[in-house]
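The values are calculated or read from the model by the stated rules, or taken from the named source; none is laboratory data. It should be emphasised that the depicted structure is a prediction, and the values quoted were computed from it without experimental measurement. Quick reminder, even Gly has a Cβ in these numbers, built from the backbone with ideal geometry, and neighbours come from all protein chains shown.
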Amino acid sequence: MSTKIKINSQIFQDSNNIYYPKDETEVSDLIRELYKQDSPTEIIGNNSKSFIGNKTQSANTTSLSKISGIIDYRPEELYIKVKACTPIKEIEQVLSENNQELAFEPIDFGYIKEGKSNKGTIAGYLSCNYAGSRRFKVGSVRDHVLGFKGVNGKGDIIKSGGTVVKNVTGYDLSKLIAGSFGTLVALTEITLKVLPKKDSSKTVIIYPSNFEQIYDFFNKLSSSSSEISGAVFIPEQSKDKDFFTKKNSVFKFNDLKSNVSFIAFRVEGDKISIEEKINNLKKELELNNSDISTLDVYQSEPFWKKVNNLEVFEKTEHNLIRMVIPPANGSKLCKHLENNHNYFVDWCGSLFWIEVNSKKEDKIKDLKKMAKDFGGYLTVIKTSSEYDYGEAIFTVDKVRLIISEKVKQSFDPKRILNPGKMYRGI
Amino acid sequence: MSEIALPKIDSSILNRKSEIVKKLSKLTNIENVLSEADELRPYETDALSVYTQTPLAVVLPENTEEVSEILKFCHSENIKVVPRGAGTGLSGGALPLQDAILLGLGKFNKILEIDYENKCVVTQPGVTNLGITHAVQHKGFYYAPDPSSQLACSIGGNVAENSGGVHSLKYGTTTNNILGVQMVMMDGTICRFGGKSFDQEGYDLMGLICGSEGLLGVVTEVTVKILKTPEVVRAALIGFPSIKEGGDAASEIISSGIVPAGMEIMDKALIEATDNFSKAGYPRDAELLLIVELDGTVSEVNELLKKVEAICKKNNCSSLKLSNSEKERLSFWAGRKAAFPACGAMAPDYYCMDGSIPRGKLAEALLEIKKLSEKYELPVANCFHAGDGNLHPLIMFDGNDKEQLRKTEEFGSEILKTCVRLGGVITGEHGVGIEKRELMCEMFNDNDIQQQLSIKKSLDEKNLLNPGKVYPILRKCAEEGRVHVHKNKDKFPDLPRF
């Protein structure tokens, strides 16, 4: 591992020797210099999600946090162009003033990290590509990126995409950058598609009696013309008293029995069509009014915030796993998890957040095997302090690893940017 | 016009033709290898028929393993390979090369699995776009991206081009509607990206492959997402007395928070041309015609139509009709869907351009195109996917008049440069192919192009897979052709072109 190298430039460094380039040119100068000197760097934004991924094998740290600010927001064109490390909260604020939003519903990882909100920057969020509850309807973060600018591992400023939704000019590098954990480019500018906020929302709560019924409901919900924009299953988990208490307090709403297992699904739109859709869905799911409860907009909105803040796992000290599988295998996974691990299910049956309360990594290994067998994958989002990285925190097969190495090589031949953050050698 | 720089021909490959054909015949059934002149002729061009080239041979493998063996062989022998789906592409992406094998995926024509529980279809790449919808529509599902050629274009080609369609504002293009692909790399490696679950972890290699125009790998299986058919679909047909008022109404519909399933604009020249051609009953006094389509539940659609109506009235629309039946809705679209043949009936030839612009720049773009039309003394009609900013100007000319042909090329090139100047791009949905290759430097600088070429090199080191496409060979901004249709003889005359 190379030692810290004095960079011949005026780029600001704080007392911890972290570089703070102030613009794209300084990022380019810095990386070009590091490239010449074969000296890798960790890339950080506001450090809100730096706990996700492996520890970077690098001598330097570069913070892009000064590259922040809105460049161009065109509500009528449905896009916003921002400097890469603009805080998500700032973007959400300005969009909200025009009744628009980031439809992929950013997850607030601040709660699992430190028990309070810290959504971090858009560059960090794009680098992880973890969309919230609305994903199965509107797509992931990668589906909302229209273009970007950034600096590759040689120090070259590159761009891809633009501000228009229909664009097939050249390779779609925006997709590749999403979920690349800063290992391909240091982002400096991002253009996002934005969408109108829905007028209102309501959330319907169902109390299913068994796992087959849960997935029967999920299947009917995702097969309906009356579109929903969120569907979660929160299990009872009464055997773990701490989790049971936490869950009951997080989901404490007037119209919700949180001490038993429940499914919650969200319907958004104007008030008339919300009622129409809920009525249609009640018929399709064969639900009586006595079987369900409904959260009005004042309860519905905070409910989904709590889901997307992962508040049931607030400040968790255990391993927190994010597993995505095809929904048809979901009930089998639920059965396995029941009273083994604390968990909940999002994305209408596809996304599992699982807390693995174990010092041994065997259980993660078992879950990873299960994820692969089911046709999905898992990521250890947060590791416990005992985690020794014996089991890789990402899921990858041999062929994809080889191709990923080649792609990495094409952007960053000397492995200057976040080396080892995702896979060893990448 | 039909002259275009292609990669240097490797004469040693031409000399070894019979040996290569013999070897290929061992890698797949002998009847799947075509090498005689009359057998090769149908493969000489795709839907950009102004460019033709006979390939060295055509091979039509039947399964992924055969594709892998063929590519492995070509890789070791340094033989270039041009992949081809249904050949409906409008930018020359499947144009053969004299010293290359044309790898046709036409025999990959089966749907492998319909999985309603996971809301997806696993299919071979040669199945048509519409074929997927046909397979699931009896259960009330459909596949959302709807390129105008959907009757004939293959899903593998859709992946290569990241095809869109009228409904892409609301439902996205191909990249937003596929879950996984199986692909063979140039060295024969078979790989799988994604599957039936959302958002593969790690580098989004599926996202990279989608829209890569056959330069990075040959797709042999695709898993697509299927959606539930909306409960109701209705459309509004609105005339405006000026381009500005119509353009403003379209912008206001979007900024008011409505996301239409489709939103199309036609200018006066096209209103007249299509109305003459298809007797669609369009308001001929209008300077601009707007079609807005909304889908969802009954009350949702009715509510949105009310809002659209109010916005259009506020912007001084001169006529407004709402569809009250499926028949009426389709009649609104009849003229629009006949836009291309209608232009073909007005002049011996037409060029279809494909640029994207920010929605709000429509009036400016149309004005600029009008000025250029006067400058070049060539008539032009414009249609515009107003929802997503995709502009298709149709330049009418006589190809037998060399001077007109030259002027048309210049005119077209200036239009695309105007799109870039207004904040748009040179291709919204047709792809770069060979057609707009030399215009890439209007959008990208050396660093950008070098980065893309590095990716290509990392996955196809010898540059054997579809070389000469997408990236400029001579690195100069020459002015090349657009979709050229002579005497209304489109290579696929039955396909509606939007």
Qualifying residue in segment A:104-112 (condition: buried (at least 23 other Cβ atoms within 10 Å of the Cβ), within 12 Å of the chain's Cα centre (by Cα) and farther than 27 Å from B:Gly257 by Cβ)
yes
Restricting attention to segment B:308-323, which residues are in a helix (DSSP H, G or I) and buried (at least 16 other Cβ atoms within 10 Å of the Cβ)?
B:Val308, B:Glu309, B:Ile311, B:Cys312
Pair list, Cβ under 8 Å, 6 or more apart: segment B:11-25 residue over 17 Å from B:Gln53 (Cβ atoms), other residue aromatic (Phe, Trp, Tyr) and at pLDDT 95 or above
B:Lys23/B:Phe73; B:Leu24/B:Phe73
Being of a type in the set (Gly, Ala, Ser) and away from chain A (no Cβ under 14 Å) narrows it down to one of B:Gly104, B:Gly93, B:Gly89, so name that one.
B:Gly104
Taking B:Glu31 as the residue in question, decide whether it is part of a loop (DSSP other than H, G, I, E, B), farther than 29 Å from B:Met353 by Cβ, more than 22 Å from the chain's Cα centre (by Cα) and free of Cβ contacts under 8 Å to residues at least 60 places away in the same chain.
no
What are the pairs with Cβ atoms under 6 angstrom where one residue, in segment A:400-424, is within 13 Å of chain B (Cβ to nearest Cβ) and buried (at least 19 other Cβ atoms within 10 Å of the Cβ) and the other, located anywhere, is of a type in the set (A, V, I, L, M) and assigned to a loop (DSSP other than H, G, I, E, B)? Sequence gap at least six, or different chains.
A:Ser404/A:Ile426; A:Lys408/A:Ile426; A:Phe411/A:Leu184
Index of the failed condition, B:Leu97 passing every other in (1) surrounded by fewer than 17 Cβ atoms within 10 Å (Cβ to Cβ); (2) over 21 Å from the mean Cα position of the chain (by Cα)
(1)
Check on B:Gly428, outside any helix (DSSP H, G or I) and either assigned by TED's automatic domain parsing to the domain that holds B:Lys244 or surrounded by fewer than 24 Cβ atoms within 10 Å (Cβ to Cβ) (or both):
no
Of everything in segment A:211-227, what is buried (at least 22 other Cβ atoms within 10 Å of the Cβ) and not in a helix (DSSP H, G or I)? Give them in sequence order.
A:Ser226
Regarding segment A:388-395, can at least one residue be identified that is crowded, with 19+ Cβ neighbours inside 10 Å, of a type outside the set (Phe, Trp, Tyr) and closer than 30 Å to B:Met186 by Cα?
yes
Under 6 Å between Cβ atoms, which residue pairs at least 6 apart in sequence (or on different chains) link something in segment A:330-351 that is closer than 18 Å to A:Asp216 by Cα with a partner that is surrounded by 24 or more Cβ atoms within 10 Å (Cβ to Cβ) and of a type in the set (D, E, K, R)?
A:Trp347/A:Arg135
One residue is enough: does segment B:177-200 have a residue meeting the conditions under 24 Å from A:Val164 (Cα atoms), under 18 Å from the mean Cα position of the chain (by Cα), facing chain A (nearest Cβ under 7 Å) and crowded, with 23+ Cβ neighbours inside 10 Å?
no
Filter segment A:193-210 for residues that are outside any loop (DSSP other than H, G, I, E, B) and of a type in the set (Gly, Ala, Ser) and give the result.
A:Ser200, A:Ser201
Please work out which one of (1) part of a strand (DSSP E or B); (2) more than 22 Å from A:Asn167 (Cα to Cα); (3) of a type in the set (S, T, N, Q) is the condition B:Ser331 fails and give its number.
(1)
Kindly provide the set of residues from segment B:111-130 that are within 20 Å of B:Gly87 (Cα to Cα), in contact (Cβ under 8 Å) with a residue 40 or more places away in the chain and in a loop (DSSP other than H, G, I, E, B), ordered by number.
B:Gln124, B:Pro125, B:Gly126
Among the residues of segment A:62-89, write down those that are under 23 Å from A:Val307 (Cβ atoms) and either within 12 Å of chain B (Cβ to nearest Cβ) or surrounded by fewer than 20 Cβ atoms within 10 Å (Cβ to Cβ) (or both).
A:Lys89
Does B:Ser373 satisfy being under 29 Å from the mean Cα position of the chain (by Cα), closer than 25 Å to B:Thr418 by Cα, surrounded by fewer than 22 Cβ atoms within 10 Å (Cβ to Cβ) and modelled with pLDDT of 95 or more?
yes
Filter result for the condition that a residue is assigned to a helix (DSSP H, G or I), more than 20 Å from B:Lys436 (Cβ to Cβ) and not assigned by TED's automatic domain parsing to the domain that holds B:Leu290, over B:Leu405, B:Leu416, B:Leu362, B:Leu372:
B:Leu362
Being touching a residue at least 24 places away in the same chain (Cβ under 8 Å), among the β-branched types (Val, Ile, Thr), closer than 24 Å to B:Arg421 by Cα and more than 10 Å from chain B (Cβ to nearest Cβ) narrows it down to one of A:Ile190, A:Ile122, A:Ile157, so name that one.
A:Ile190
